[in-house]
Amino acid sequence: MTKTCKNLECVICCDQKDNILNMTIQCTHEPSTCQDCINKYVNNQLSKKNILIKCLVDECDSTMEYQDVKRVVSNELFLKFDDVCLKLALQSEPGFRWCQGRSECGSGQIHIGGGM
């Protein structure tokens, strides 16, 4: 369970917040980052297609697991994370090709035997 503390200062924005927490369940340090800053950081990492999201505390080597992201970020941002994870997993499949039709299609398939 992610530890949450109230009325502490976020080490990123330096604001007093009621939702100071650890990014992962593996973090052993005191909670130090507000949920708003974590959301902004995760969103920034996802815009770079990075799903290996490290804790913001310099001394911490923890990386957010799927369940950490689900527990800590907003529902909307979690759906974005889940979508990026899916797309990266599909792209790693040999022979996978995205639909060449409309750009908003978002579908694809695995082609066996080359081509395309």
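The values are calculated or read from the model by the stated rules, or taken from the named source; none is laboratory data. From a predicted model like this one, the values you see are computed outputs, not experimental measurements. FYI the Cβ positions are ideal-geometry reconstructions off the backbone, even for glycines, and counts take in every protein chain you see.
Restricting attention to region 68-105 and to residues that are charged (D, E, K, R) and modelled with pLDDT of 90 or more, the residue that is nearest to ILE53 (Cα to Cα) turns out to be ASP68. Any residue in region 8-23 that is modelled with pLDDT of 90 or more, under 26 Å from LEU88 (Cβ atoms) and not hydrophobic (A, V, I, L, M, F, W, C)? Within region 8-23, one or more residues are modelled with pLDDT of 90 or more, under 26 Å from LEU88 (Cβ atoms) and not hydrophobic (A, V, I, L, M, F, W, C). If you scan region 33-67, which residues turn out to be in contact with a helix residue (DSSP H, G or I) (Cβ under 7 Å, 6 or more places away or on another chain), closer than 16 Å to LEU21 by Cα and modelled with pLDDT of 95 or more? Of everything in region 33-67, those that are in contact with a helix residue (DSSP H, G or I) (Cβ under 7 Å, 6 or more places away or on another chain), closer than 16 Å to LEU21 by Cα and modelled with pLDDT of 95 or more turn out to be ILE38, ASN39, VAL42, ILE53.
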